Amino acid sequence: MDLREFQDRIRDIDHTTGWDRLSGLQLIARLTEEMGELAQSVNRVYMDRDREAHMENIGVELADCLWVITKLANKYGVDLDSQAVRLVENASKWSEDTSAHLENGLRNLRDEIGSVLGEENDRLPAG
């Protein structure tokens with residue numbers, strides 16, 4: 001199934017079941033909930049012993065997020081297939097110096113974490 005067919009099927013299901021009456025705010029709330037469940041699954045991959053079960057659940061949660069994102073697209077008349085094509089075309093034009101931007105961002109993050117940790121260490125009683 002391609003993205004356009006997926007979007008059409010969700011539109012049909014939502015029309016039949018009445019889910020197309022949800023407001024944009026309700027859909028955003030639902031997406032936030034699904035993103036939280038995805039984050040929880042990713043976190044559990046690194047925290048729990050049953051890594052395989054959580055790895056499988058990441059796929060389930062990603063699909064749930066895609067489901068709600070598609071409902072939002074339908075709500076606002078967005079053709080996800082054409083937007084995906086546009087995104088891929090634009091991505092192929094992105095500068096190859098992306099790694100330099102990432103390195104700069106990581107350096108800034110390390111500096112920021114270091115300064116926060118330094119401030120926290122300054123607040124600790126001398127040992």
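Contact annotation: residue pairs with Cβ atoms under 7 Å, 6 or more positions apart or on different chains, pairing a residue in the range 47-70 that is loosely packed, with under 13 Cβ neighbours inside 10 Å with a partner that is part of a helix (DSSP H, G or I), are Asp48/His54; Arg51/Val45. Every condition in (1) part of a helix (DSSP H, G or I); (2) without any contact (Cβ under 8 Å) to a residue 24 or more places away in the chain is met by Ile10 except one, and the failing one is (2). The single condition among (1) over 24 Å from Asp2 (Cα atoms); (2) at pLDDT below 80 that Glu112 does not satisfy is (2). Considering the conditions (1) in a helix (DSSP H, G or I); (2) modelled with pLDDT under 95; (3) among the charged types (D, E, K, R), Glu34 is excluded by exactly one of them, (2).
The values are calculated or read from the model by the stated rules, or taken from the named source; none is laboratory data. Here the structure is a predicted model, which is why all the values come from computation and not from measurement. With ideal geometry, Cβ positions are generated from the backbone for all residues, glycine too; neighbour counts draw on all protein chains shown.
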